[in-house]
């Protein structure tokens with residue numbers, strides 16, 4: 001296993017972080033690289049998001065050099081011990097990164113589940129049923145061709161996924177390398193903003209020199225609703241939100257992600273009352289002193305509750321809403337004040353939030369019509385031929401055995417999908433929308449699918 005230096009030097013004077021960056025060597029089993037720049041103001045929860053992502057992925061690190069290994073060990077201290085003392089805020093001029101890997105097949109399963117349930121976001125319920133039915137056929141013993149046919153039936157995104165299935169099945173490249181960058185947001189909208197943009201621009205340009213595997217860059221903006229204040233345009237998050245599209249434009253084919261934490265508090269603030277009404281909130285862990293803040297209900301609505309997934313010009317934006325702590329509760333007190341309490345613990349994204357996060361990553365790893373799409377992860381030459389997608393027999397619902405159709409029923413035809421196989425490999429549980437917070441994950445599949 002080898003690593004190669006990406007730049008070997010810093011690209012922007014006064015900013016450190018690129019010189020130590022390495023990438024998988026040509027002999028490594030990596031199909032795609034994802035650079036995820038996590039941006040947020042001081043105290044808004046960047047590190048919290050990063051450790052939640054690592055726990056959710058059950059990600060493992062590759063063999064790294066001394067500098068990158070030390071960075072990974074630092075963040076793993078927080079991943080493994082949520083009660084560990086928090087590290088100091090990222091100092092100006094430093095952009096640390098953390099390198100992990102996950103199986104490509106697991107991300108494709110996440111993408112497959114998104115495409116199957118009623119064809120949501122693709123070509124309608126009919127394609128979702130046909131695509132899902134073919135995946136059921138694959139798990140019932142009709143084989144990979146039927147599964148690939150289902151992916152094609154799901155639409156344009158399904159075609160890319162089907163090609164990726166073929167590539168993953170016949171290639172030694174079976175992993176995705178995810179690099180999480182900790183970008184100090186309070187410096188991004190300061191005098192050094194152009195430097196941080198130049199830093200990330202140099203990163204993206206250097207990565208694209210390697211055309212042997214897929215690549216995508218995407219920013220994540222962390223929103224702490226308790227720090228939004230009393231004016232919709234006058235908070236650190238609001239300033240970062242205005243310039244988010246500029247960073248997303250470094251790779252416009254990738255959807256940016258806005259991660260809204262402390263969601264139980266948002267629900268309490270938005271439960272009723274006038275939008276111009278200030279709301280007093282105390283928030284903190286149950287075993288620590290609570291911090292007090294005041295927000296205006298309409299500001300929280302505007303930044304947290306009202307926005308929906310969509311596009312801003314050429315940039316797509318996705319929203320992720322979650323609670324970072326365990327046993328989160330929001331209680332109303334005298335005068336409508338809200339007490340938000342939680343337990344520190346080794347939390348991870350769960351349920352619908354987990355499913356949405358995995359689908360977002362899968363969309364980055366397999367993007368139709370881009371360098372990170374299936375064309376960029378074509379299989380290496382193999383000795384045995386592999387059938388093309390066009391040669392795969394299309395399986396109609398009427399011709400499928402009853403065992404294969406037993407999970408296809410109800411509205412959208414997909415209510416029994418939890419017993420289906422994933423997009424790649426043997427039978428797997430794909431019940432991603434009902435993941436329990438205390439679920440036990442398989443060692444063989446770190447994203448929670450049974451082997």
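Of the strands (runs of 3 or more DSSP E) lying entirely inside segment 1-75, those carrying at least 2 residues that are at pLDDT 90 or above and within 23 Å of residue 244 (Cβ to Cβ) are 30-40. Report yes if residue 310 is over 18 Å from residue 222 (Cα atoms) and without any contact (Cβ under 8 Å) to a residue 40 or more places away in the chain, otherwise no. No: the conditions fail for residue 310.
Matching residues to (1) assigned to a helix (DSSP H, G or I); (2) farther than 21 Å from residue 36 by Cβ:
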site: 201; (1), (2): yes, no
site: 211; (1), (2): no, no
site: 233; (1), (2): no, yes
site: 246; (1), (2): yes, no
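Could you check, for segment 48-56, whether at least one of its residues is over 18 Å from the mean Cα position of the chain (by Cα) and either at negative phi or buried (at least 23 other Cβ atoms within 10 Å of the Cβ) (or both)? The answer is no, given that none of the residues of segment 48-56 is over 18 Å from the mean Cα position of the chain (by Cα) and either at negative phi or buried (at least 23 other Cβ atoms within 10 Å of the Cβ) (or both). Might you check whether a residue that is under 20 Å from the mean Cα position of the chain (by Cα), within 20 Å of residue 53 (Cβ to Cβ) and buried (at least 16 other Cβ atoms within 10 Å of the Cβ) occurs anywhere in segment 262-272? Among the residues of segment 262-272, at least one is under 20 Å from the mean Cα position of the chain (by Cα), within 20 Å of residue 53 (Cβ to Cβ) and buried (at least 16 other Cβ atoms within 10 Å of the Cβ), which makes the answer yes. Taking the stated definitions as given, is residue 349 within 20 Å of the chain's Cα centre (by Cα), closer than 30 Å to residue 217 by Cβ, modelled with pLDDT of 90 or more and assigned to a loop (DSSP other than H, G, I, E, B)? It is true that residue 349 is within 20 Å of the chain's Cα centre (by Cα), closer than 30 Å to residue 217 by Cβ, modelled with pLDDT of 90 or more and assigned to a loop (DSSP other than H, G, I, E, B).
What about residue 294, is it farther than 30 Å from residue 219 by Cβ and part of a strand (DSSP E or B)? Working first, answer last.
Details: farther than 30 Å from residue 219 by Cβ: no; part of a strand (DSSP E or B): yes.
Considered against the rule, which asks whether it is farther than 30 Å from residue 219 by Cβ and part of a strand (DSSP E or B), residue 294 comes out as no.
Looking only at segment 17-29, decide whether some residue is touching a helix residue (DSSP H, G or I) at 6+ places or on another chain (Cβ under 9 Å), touching a residue at least 24 places away in the same chain (Cβ under 8 Å) and surrounded by fewer than 13 Cβ atoms within 10 Å (Cβ to Cβ). No; the residues of segment 17-29 include none that is touching a helix residue (DSSP H, G or I) at 6+ places or on another chain (Cβ under 9 Å), touching a residue at least 24 places away in the same chain (Cβ under 8 Å) and surrounded by fewer than 13 Cβ atoms within 10 Å (Cβ to Cβ).
On inspection, residue 320 does not qualify as at pLDDT 90 or above, touching a strand residue (DSSP E or B) at 6+ places or on another chain (Cβ under 9 Å) and part of a helix (DSSP H, G or I).
Given the residues 268, 259, 248, which is the only one that is in contact with a strand residue (DSSP E or B) (Cβ under 7 Å, 6 or more places away or on another chain) and closer than 21 Å to residue 332 by Cβ?
Values: 259 fails: closer than 21 Å to residue 332 by Cβ; 248 fails: closer than 21 Å to residue 332 by Cβ.
Being in contact with a strand residue (DSSP E or B) (Cβ under 7 Å, 6 or more places away or on another chain) and closer than 21 Å to residue 332 by Cβ holds for just one of 268, 259, 248, which is 268.
The values are calculated or read from the model by the stated rules, or taken from the named source; none is laboratory data. All of these numbers come straight from a predicted model, not from anything done at the bench. Please note: Cβ atoms are built from the backbone with ideal geometry, for glycine as well, and neighbour counts cover all protein chains shown.
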